[in-house]
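Structure record follows, encoded as structure tokens.
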Amino acid sequence: MYAGGLIDETAALVGRGYREAAPMQSVGYAQALQVLDGQISKERAVELTAQATRHYAKRQLTWFKKEQGAVFVKPPFSADRLQR
């Protein structure tokens, strides 16, 4: 997300008046706003975004485990392939 220009995108959205829009509090945008405000470094934002993503994924798994009839599908890739 950051390599793809998230901070520039966030700055453009802020410039258009969307700073207080609900999506700006989502994973990635919230951390990018902190970078733009000078509260954290880009490197720290990457770390915090990764952590927030893991937490969000855990909440999703917990929620789906409670859903009757939910079927978990194994992804067609492995974490090993992603790190090459």
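The values are calculated or read from the model by the stated rules, or taken from the named source; none is laboratory data. Bear in mind the structure is a predicted one, so any value in this text is a computation, not a measurement. So basically every Cβ, Gly included, is an ideal-geometry build from the backbone, and we count neighbours across all protein chains shown.
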Seminar exercise, completed: Expected output for segment 48-73 (first residue free of Cβ contacts under 8 Å to residues at least 24 places away in the same chain, partner among the aromatic types (Phe, Trp, Tyr), Cβ below 6 Å, 6+ apart or cross-chain) is 70/64
For this session: For segment 14-25, name all the residues that are surrounded by 12 or more Cβ atoms within 10 Å (Cβ to Cβ) and without any contact (Cβ under 8 Å) to a residue 12 or more places away in the chain.
Result: 18, 21
Exercise. Inside the chain, counting only helices (runs of 4 or more DSSP H) that do not spill past its ends, which hold 2 or more residues that are modelled with pLDDT under 95?
Worked result: 42-65, 79-82
